[in-house]
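S.K.: Starting off with a structure, shown below.
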Amino acid sequence: MTASVTVSVPAKVNVQLAVGPLRPDGFHDLANVFLAVGLHDRVTVRPADELRVTCTGPDASQVPLDATNLAARAALALAARYGREANVHLHIDKDIPVAGGMAGGSADGAGALLACDALWGTGASREELLEICAELGSDVPFSLVGGAALGRGRGELLTPLDVRGAFHWVFAVADGGLSTPAVYAECDRLREGTEVPAPEPSEALLQALRDGDAGALAAAVGNDLQSAAVSLRPSLAATLAAGTQAGALAAMVSGSGPTTAFLVSGEAEAEKVADALRTSGTCRAVRVASGPVPGATVLARR
């Protein structure tokens with residue numbers, strides 16, 4: 001009998017986030033180009049008398065440990081589908097920035113789902129797991145799949161993308177988080193009175209991914225939520241400027257922020273930009289990673 005399962009699951013960066021007009025259901029249609037990058041949370045699940053969540057690592061104190069945690073919700077959703085109790089201890093070893101626009105919570109949901117499936121031997125198909133992921137949140141399916149993908153709908157309808165080689169990134173972690181719903185609401189406010197087109201992926205961006213061309217990708221990246229994030233957190237402008245001045249090919253807010261992402265041409269350039277950001281006084285922490293990397297992966301069964 002399996003006593004525990006540990007799953008590793010990556011962070012993401014949105015190399016393009018095109019946001020359509022507000023829908024009647026309160027969501028937005030998206031053209032969301034995801035890239036999984038090498039910052040990982042680890043989720044370990046083992047049998048317990050009741051559902052329990054614990055967390056260690058940077059910013060662990062900011063992670064909810066109740067049923068609002070996506071890892072807990074994932075366990076409950078899988079248990080309900082298979083008619084069992086979600087009596088497990090979920091432990092999250094946190095390395096993805098919290099509330100930083102890098103899908104850390106979504107990663108934990110996907111990791112817990114895959115771990116519980118392995119622990120319980122439910123034998124859920126990939127399609128079933130993706131269905132549950134989509135019910136949990138817009139970014140959760142990509143956390144399961146990883147690599148690179150175009151997300152349609154709310155971002156949950158995924159098409160895998162071909163990518164050549166690796167792209168190198170530096171991430172500047174801001175103090176505190178930004179509420180994703182608040183950023184979308186600010187985006188809507190800033191666009192009031194303008195006609196918002198249906199979101200479409202950039203062909204130049206998709207070609208740059210296929211070619212492994214960092215320069216071409218830098219010219220094509222875009223995030224429709226960036227203006228809203230900077231409006232709510234004006235200090236992000238100084239962080240973006242610091243990375244650009246240090247030689248980043250492109251600077252952008254990651255998802256809904258407040259983490260900022262800097263595309264660079266290679267590992268040496270990543271360290272140079274990272275050092276400049278660390279000494280700039282414009283961010284709390286700096287991380288370096290490359291992608292694409294695989295999605296949620298079972299590391300150990302004991």
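Read the figures in this text as sums done on the coordinates, not as results from a lab. Please read these numbers as outputs of a predicted model, since none were measured by experiment. Here the Cβ positions follow ideal geometry from the backbone for every residue, glycine too, while neighbour counts run over all protein chains shown.
S.K.: Two-decimal Rg/Rh of segment 5-161 from alpha-carbon positions, Kirkwood Rh? Walk me through the numbers on the way to the answer.
M.R.: Values: Rg = 15.0 Å, Rh = 15.5 Å.
That ratio equals 0.96.
S.K.: Cα convex hull of the chain: mean projected area in nm², to one decimal? Walk me through the numbers before you get to the answer.
M.R.: Values: hull surface 60.5 nm².
That works out to 15.1 nm².
S.K.: Shifting gears a bit: Restricting to bridges with both residues inside the chain, how much of the DSSP beta-bridge set is antiparallel, in percent to the nearest 5? Mind dumping the intermediate values first?
M.R.: Working: 50 of 57 bridges.
Bridges in the chain that DSSP calls antiparallel: roughly 90 percent.
S.K.: Next up: What range in the chain is the longest one free of GluC sites (Glu not before Pro) that are in a loop by DSSP and have at most 12 other Cβ atoms within 10 angstrom? It would help to have the intermediate numbers written out before the result.
M.R.: Working: sites that count: GLU50, GLU85, GLU192, GLU195.
Longest run free of exposed loop sites: 196-302.
S.K.: With θ taken as phi - 60° and the coefficients 6.51, -1.76 and 1.60, list the Karplus ³J(HN,Hα) couplings across segment 42-58 in order, rounded to whole Hz; mark glycine and proline as x.
M.R.: Here the 3J(HN,Hα) series is 10, 10, 10, 10, 9, x, 8, 6, 7, 5, 9, 10, 10, 8, 10, x, x Hz.
S.K.: Taking the Cα centre of the chain as the origin, how large is its charge dipole in debye, to the nearest 20, when only Lys and Arg (+1) and Asp and Glu (-1) carry charge on their Cβ atoms? Each step should come with its number before you reach the end.
M.R.: Working: 23 positive and 33 negative charges, 113 e Å.
For the chain, the charge dipole is close to 540 debye.
S.K.: Picking from THR282, TRP169, TRP120, whose Cα lies most toward the positive end of the charge dipole for the chain (charges on Cβ: Lys, Arg +1; Asp, Glu -1)?
M.R.: Value: TRP120.
S.K.: Quote the relative contact order of the chain in percent (integer), defining contacts as alpha-carbon pairs under 8 Å separated by 6+ residues.
M.R.: Values: 751 pairs, mean separation 81.0, N = 302.
For the chain, the relative contact order is 27 percent.
S.K.: For helix 126-136, what angle does its Cα long axis make with the longest principal axis of the chain, in degrees from 0 to 90 and rounded to 10?
M.R.: Around 70 degrees separate the two axes.
S.K.: Quick one: 3J(HN,Hα) in Hz for segment 207-214, Karplus 6.51/-1.76/1.60 with θ = phi - 60°, rounded, Gly and Pro as x.
M.R.: So the Karplus estimates, Gly and Pro as x, are 5, 4, 5, 4, 7, x, 9, 5 Hz.
S.K.: Right, here's the next one. Taking θ as phi - 60°, what are the ³J(HN,Hα) couplings along segment 253-268 by the Karplus curve (6.51, -1.76, 1.60), each to the nearest whole Hz, with x for Gly and Pro?
M.R.: 6, 7, x, 8, x, x, 5, 10, 10, 10, 7, 10, 8, x, 5, 5
S.K.: What trypsin sites (Lys or Arg not before Pro) in segment 1-105 are in a loop by DSSP, with at most 16 other Cβ atoms within 10 Å of the Cβ?
M.R.: Working: sites: LYS12, ARG42, ARG52, ARG73, ARG81, ARG84, LYS94; in loops: ARG84, LYS94.
Answer by residue number: ARG84.
S.K.: Another question, then. Give the shape of segment 140-274 as rounded, prolate or oblate, defined through the alpha-carbon gyration tensor: a ≥ b ≥ c are the square roots of its eigenvalues, a/c under 1.5 means rounded, and otherwise the shape is prolate if a/b is larger than b/c and oblate if not.
M.R.: oblate
S.K.: Here's something else I'd like to know. To test your reading of the geometry: what angle, between 0 and 90 degrees and rounded to tens, separates the Cα axis of helix 70-81 from the longest principal axis of the chain?
M.R.: 40
S.K.: Would you mind getting me the FRET efficiency between ASP162 and LEU65? Use the beta-carbon distance for r and R0 = 30 Å, nearest 0.05.
M.R.: On the way: r = 39 Å, r/R0 = 1.31.
Using R0 = 30 Å, I get an efficiency of 0.15.
S.K.: Quote the relative contact order of segment 5-161 in percent (integer), defining contacts as alpha-carbon pairs under 8 Å separated by 6+ residues.
M.R.: Values: 355 pairs, mean separation 46.7, N = 157.
The normalised contact order for segment 5-161 reaches 30 percent.
S.K.: Per residue, what volume in Å³ does the Cα convex hull of segment 22-98 take up?
M.R.: Working: hull volume 11.2 nm³, N = 77.
Per residue, the Cα convex hull of segment 22-98 comes to 145 Å³.
S.K.: Same structure, new question: Please find the FRET efficiency linking ALA268 to GLU203, where r is the Cβ-Cβ separation and R0 is fixed at 41 Å, and quote it to the nearest 0.05.
M.R.: Values: r = 31 Å, r/R0 = 0.75.
Result of the calculation: an efficiency of 0.85.
S.K.: What's the angle, to the nearest 10 degrees (0 to 90), between helix 236-245's Cα axis and the longest principal axis of the chain?
M.R.: 70
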